[in-house]
1. If I filter region A:68-81 for residues that are hydroxyl-bearing (Ser, Thr, Tyr), assigned to a helix (DSSP H, G or I) and surrounded by fewer than 18 Cβ atoms within 10 Å (Cβ to Cβ), do I get at least one hit?
2. Which one of the conditions (1) outside any helix (DSSP H, G or I); (2) surrounded by fewer than 14 Cβ atoms within 10 Å (Cβ to Cβ); (3) touching a residue at least 40 places away in the same chain (Cβ under 8 Å) does C:ARG55 fail to meet, given that it meets all the rest?
3. Test each condition in (1) at pLDDT below 90; (2) outside any loop (DSSP other than H, G, I, E, B) for B:LEU164 and report the one that comes out false.
4. Within region B:64-80, can you find the residues that are without any contact (Cβ under 8 Å) to a residue 40 or more places away in the chain and either facing chain A (nearest Cβ under 8 Å) or hydroxyl-bearing (Ser, Thr, Tyr) (or both)?
5. Here is a check on your reading of the model: is A:GLY113 out of contact with any strand residue (DSSP E or B) (no Cβ under 6 Å at 6 or more places or on another chain), away from every other protein chain (no Cβ under 13 Å) and not charged (D, E, K, R)?
6. So is A:LEU206 closer than 30 Å to C:PHE41 by Cα, under 16 Å from the mean Cα position of the chain (by Cα) and modelled with pLDDT of 90 or more or not?
7. So for region B:124-135 (the condition being more than 18 Å from B:LYS193 (Cβ to Cβ), in a helix (DSSP H, G or I) and basic (Lys, Arg)), does at least one residue qualify?
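The values are calculated or read from the model by the stated rules, or taken from the named source; none is laboratory data. Given the structure is predicted, the values throughout are model-derived calculations rather than measurements. Backbone-built Cβ (ideal geometry, glycine too); neighbour counts: all protein chains shown.
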Amino acid sequence: MAETGRLTGNPAPALSPVTLLRAAIILGVLAIWEFLSHSGWLYRDVVPSLLAIGRALLELLTHGEYYFNLGVTTAEVGFALLVGGVAGVAAGILLGANRFLAKAFEPYLYYLGPTPKIIFFPIMIMYFGVGPESKVALGTLSCFFPVALSVAAGMRQIDRVLIRVGYSFRANTWQMVMKIYLPAMRHPIINGVRLGLGVALIGVLLAETKLSNKGIGFLIIQAYSIFDMPRMYAMLIVLFVLSIGANALVGRLGGLHSIKRT
Amino acid sequence: MAAPSSTNNAILTADHINVRFETAEGPVIAVDDVSFDVKQGEFFSVIGPSGCGKSTLFNVIGGLLSHHQGTIKVGGETISEPHKSIGMVFQEESTFPWRTVTDNVAFPLELIGMEKAQRIERAKHFIGMVGLNGFENRYPGELSGGMRQRVSLARTLASEPKILLMDEPFAALDEQTRLLLGDKVLQIQQQLKQTTLLITHNITEAVQMSDRILVMTYRPGKVKRIVDIDLPRPRTSEIVGSDAFGHYVAQIWSDLREEASRGMRDQEKHVMDEGASS
Amino acid sequence: MTAATARRSRSPLPAATGIGALVAFFATMEVLVQSGMVNRFIVPPPSEIFGSFGRVIVEEHVFGRFLQTLTECLTAGVMLTVFGVAGGVLMHRFKLLQQACETWVAALASAPIVLMYPLFLVIYGRSAWTIIMMGFFAALPPVILKTIEGISGTRKVLINVGRSFNLTPSQQFWKILFPSALPTIFVGIRLGLIFALINIVGVEFLINYGGLGQLINDLAERYDLAGTYAAICFVILVSVLFFMALEKVERWLRPVD
C-alpha cells in the first residue's frame, strides 16, 4: 500500500539532481550493457546489443501478429479480472459483514491466498481444455483471493462513526450503501483490484507459457525455443511497460489521490 | 434571560431512562432512571465523569440505541429510531474523507433529494456560519482537527434540526481551539435560537454555554443535580474570568469530584484485577 | 491481521463450521463422482486422492523434493536478506538515490517479473540456479521497499534522543535507526520469502525441474489424476505450514510494543 503513492509521486522539476541521477543511471546501465554485449564474456545472445533489441522492438510493434496475441492475452486477463473480481468483492462483503462467516472461512482464504496458483493449471486444463478458457480460469482463481481478502478487511475497517452519521441523518439502505459503505471502501476495493490485476496477469501469462498456441506468454516461450533473444527482450520490455502502466492506471482511476486522511 | 421553568414548553423529554449492558463480567447499568426535559431555545448540558453513561444517553436520544427502558419524546413523539428533529454531532472525527467541505455539508440535503444548485447554495450558507469560507473545495484531510469539527457542525446544522445534540464535540481539540470553537457554537446557537443538548465532561465548557446543567453520577449513571446557570447572555469565552462563573464551576466541581474519584478508584481496581488474573 | 481476528474468539463454533463445510464439500464430491454425475476422469473421488497420498509420498520421494524446494527457497531467502536489506539501507543512506530509484522499485513490484524465467533459462540452463534467481528477483522489490519504510519510519523523537547523546552517524544507525526498523524489515523478509516460495514452486512446475513443482507436472503428464490432486494438496499444505512458521518466527522476534 505504501508504494501506491510513490508510484505516481510528485514530479520533480526538470533537470533537478534527481533527474540527472536518473539519466546517469539509465545511461550507465545501457553503456555497461552495450559493452558486455560486445565483450564476448557472456554466452552469445544472452546480452544482445541495444541496436538488435531496438530493431526487434520496432519489428514487434509494426506487426499485426503481436497485436492479435496482445488482444488474446488482454481479453483473458480482462475476463479473469471481471469474474474473479466480482466473486471476490461478493465474498469479501459477505466475510466483512458477518463475523461468524469470517471466523469460519477467512483463515482458509488467508492461507490459500499466497499459495502458488500455477500448480492448479493441470486441473484447469482437465476442466476447461487447452484453449483460452483454462487461462481465464487460472487468472480468475489467482485474482479472487487478494480481492476477497482486501474487501473483507476494508469493510471491517470502515470508521464506525461514519455509519452512525448516516443513520443519524436517516439515510435509507440504498443511500447507506451508495453514499457511505462503497465510498468508504473505495480504497481497499481499488487496492484489491490492483493486486488482483497483478496476479491475474501473472496467472494468465504463465499458463500461456506452459501450454497454448496464442497470447503473449506463448510468443515469449516461442522466442525462447528458437533462441531469438532480442525479440524476447523486446516483448518483456513491452510487457513490463504495459503492466506497470495498467497498474498505475487502476490506481489513478480509483482516485487514490483525492482520498486524503490524516 | 433566565430559562423559563414551566414544563409544558419542553421540546424534548427524557422519562425514566434505564440502559443496561450485558458484559462478560455480568450486567452493567449504564444509565439509571434518568429524567429531564429540554425547553425550546434552551442550551442544556449533561456533565459527568468518564464512564458515567453520557455517551449511552447520547445514543439513546439520537435514536441509535433502542434497547433502553423509558421513553424519549420529541415534540410529544416517542423516539425509537433517529428522528428528523434531532441533529447529532459526534465526538469522533466524522467528516467523510472522500467528500469536499461543500459536499460534506450538503450531505443531509442530498439525502432528502434537494436539487444540486440549491443544496450547494444552502451548504455555502452554513459553511459561512461556521467561518470556513474559502475552504469549500478542500478535502477534510487538508484541514485541521478544529476545522473538521466545524465541518461536522455545519453538516448537522444544514439538516436544520429542531434540537442540536452534541457528544463532546471538542474533546479531541486543544484548549485554545476548544474555547474559540465554544464561542462559535454559542454565537450560532444565539443567532438561530437553536435548542441544544451538549454532552461533555468539561466543566468550563458546560458553564460557559449552558442555561442548565445536569450533573450525572459515576456508574450507575443517575441524575445527581440539575443546576441553573444564571449568567447574562449573550456570552463569550470572556465570561470565564468572572466571579459568578468561578462560583458555578466550583459548585459543579464539588459535585463531580466525588464521582470522578470514585471512577478513578474503579479503574485502578480494574487494572489491578486484570494484572492479577493474567 | 485477519488470522489474528479469527484467533481472538474462544468459541469453537466458527472453526467447526469451517471444517464442517470442508468435510461436507469432500463428501458431496465423493457422492457426485461415485454416482457418475461428475466424470471421474476429470475429478477423481476424494477417497482415491487421500488414498494416493501414501503412494505419492513414498514413490515420488516427496520428502527429498520438499528439501530441495526448501533449500532453493532458503538460498533465495539469504540472498534476499543480504541484498534486499543492503539495498534498502543504501537507498536510505543516499537520499538522492532513494528519490531517483524508489519509484522504479515500486513499479517493478507490480510487474510480472516471473515472466523473465525463459531468460534465466537461457543464462543458467535447466538448473536450480534458474529457480533460485527467479525467486530472488521476483521477491526483491518488497524487501527493499519494506527496509526503506522501516528506517524512514523511525520516530522523530528517537532520532532526537540519539542526537542529544551526540551519537556518531554510524552509532545513530546501529543504535537507533536499525533496531527501530527491524520489525518492519522482518515483515519485508517474510513477504520476500513468501514471494520466493510462490515463484520457486511455479518455476519448478513450468520448467519441469527440481522439487515439489516438478512433481505436479510429472504426475499430470503421466495422467495420474489422483496423484496430481494429492500432490497439489501436499504443496498447499507445505506452503500453509511455511507461512504459519514464518508468522510464528516474526511474532517471536518482534518486541512487545
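1. Residues of region A:68-81 that are hydroxyl-bearing (Ser, Thr, Tyr), as a first pass: A:73-74.
Those left that are additionally assigned to a helix (DSSP H, G or I): A:73-74.
Restricting the remaining residues to those that are surrounded by fewer than 18 Cβ atoms within 10 Å (Cβ to Cβ) gives A:74.
Yes.
2. Among (1) outside any helix (DSSP H, G or I); (2) surrounded by fewer than 14 Cβ atoms within 10 Å (Cβ to Cβ); (3) touching a residue at least 40 places away in the same chain (Cβ under 8 Å), C:ARG55 violates only (1).
3. (1)
4. First, the residues of region B:64-80 that are without any contact (Cβ under 8 Å) to a residue 40 or more places away in the chain: B:64, B:66, B:76-80.
Once the filter is applied, which keeps residues that are without any contact (Cβ under 8 Å) to a residue 40 or more places away in the chain and either facing chain A (nearest Cβ under 8 Å) or hydroxyl-bearing (Ser, Thr, Tyr) (or both), region B:64-80 yields B:LEU64, B:SER66, B:THR78, B:SER80.
5. Working: out of contact with any strand residue (DSSP E or B) (no Cβ under 6 Å at 6 or more places or on another chain): yes; away from every other protein chain (no Cβ under 13 Å): no; not charged (D, E, K, R): yes.
Taking the combined requirement at face value, the residue does not satisfy it.
6. Details: closer than 30 Å to C:PHE41 by Cα: yes; under 16 Å from the mean Cα position of the chain (by Cα): yes; modelled with pLDDT of 90 or more: yes.
Answer is yes for this residue.
7. Taking region B:124-135 first, the residues more than 18 Å from B:LYS193 (Cβ to Cβ) are B:124, B:127-128, B:131-135.
Okay, now just the ones that are also in a helix (DSSP H, G or I), so B:124, B:127-128.
Filter again for basic (Lys, Arg), leaving B:124.
Yes; the residues of region B:124-135 include at least one that is more than 18 Å from B:LYS193 (Cβ to Cβ), in a helix (DSSP H, G or I) and basic (Lys, Arg).
For every residue, the table says whether it meets (1) on the phi > 0 side of the Ramachandran plot; (2) surrounded by fewer than 16 Cβ atoms within 10 Å (Cβ to Cβ); (3) hydroxyl-bearing (Ser, Thr, Tyr); (4) assigned by TED's automatic domain parsing to the domain that holds B:ASN9.
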{"position": "B:GLU205", "(1), (2), (3), (4)": "no, no, no, yes"}
{"position": "B:MET209", "(1), (2), (3), (4)": "no, no, no, yes"}
{"position": "B:VAL227", "(1), (2), (3), (4)": "no, no, no, yes"}
{"position": "B:THR236", "(1), (2), (3), (4)": "no, yes, yes, yes"}
{"position": "B:GLY246", "(1), (2), (3), (4)": "no, yes, no, yes"}
{"position": "B:ASP266", "(1), (2), (3), (4)": "no, yes, no, no"}
{"position": "B:LYS269", "(1), (2), (3), (4)": "no, yes, no, no"}
